[in-house]
Amino acid sequence: MKRSHEPIFWSLFGAGGVLSALVAPILILITGILAPAGVGMPHQALDYSRVLGFAQHWFGKLLLLAVISLFLFHAVHRIYLSLHDVGIHAGTGARVAAYGSALLGTLAAAYLLLAIGF
């Protein structure tokens, strides 16, 4: 039986899907609605210094990288499968380009998070 790489991509897709379904609405609510309106949060909850402190901590870096990476892989896999569903059967080159772009985005996020410093 031929071995497949599909379980790796499906696990990244599944993890990204769960994360985007559970975490993205909360992130949008907090950073887009509640914090700017000052509802239920201290006025300085998302000040630059506090957010920078979160991004400089190793655990904050890990959380940000996980969210960014899993969102990217989920989006790429969803787009790739949607193309297949509408009749565009992309080959191996398109798969490498799609998942390669998600990997490059993840590496760029990791580099930028490390560049922030500790």
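See the values below:
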| read-out | value |
| --- | --- |
| Approximate shape of segment 28-75 as ellipsoid semi-axes (Cα gyration tensor, √5λ), whole Å, largest first | 23, 16, 6 |
| Cα centroid separation - segment 6-60 against segment 95-118, whole Å | 18 Å |
| Where Rh is the Kirkwood radius over Cα pairs, Rg/Rh for segment 66-118 | 1.13 |
| Debye intensity ratio I(q)/I(0), log10, segment 1-63, q values 0.13, 0.15, 0.25 Å⁻¹ (C-alpha model) | -0.55, -0.66, -1.08 |
| Relative contact order computed over segment 7-111 (Cα-Cα under 8 Å; 6+ residues apart), in percent | 35 percent |
| Approximate shape of the chain as ellipsoid semi-axes (Cα gyration tensor, √5λ), whole Å, largest first | 33, 18, 11 |
| Phi to ³J(HN,Hα) by Karplus 6.51 cos²θ - 1.76 cosθ + 1.60 over segment 72-85, Hz, x for Gly, Pro | 5, 5, 5, 5, 5, 5, 5, 5, 4, 6, 5, 4, 5, 5 |
| Low-density loop cleavage sites - trypsin sites (Lys or Arg not before Pro) in segment 1-104, where at most 11 other Cβ are within 10 Å (DSSP) | Lys2, Arg3 |
| Cα→Cβ-extended label distance, 7 Å offset, between Ser49 and Leu107, nm | 3.7 nm |
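Any read-out appearing in this document is the output of simple, stated calculations on the displayed coordinates, not a laboratory observation. Not measured: the values here are computed from a predicted model. Cβ: placed from backbone, ideal geometry, glycine included. Neighbour counts: every protein chain shown.
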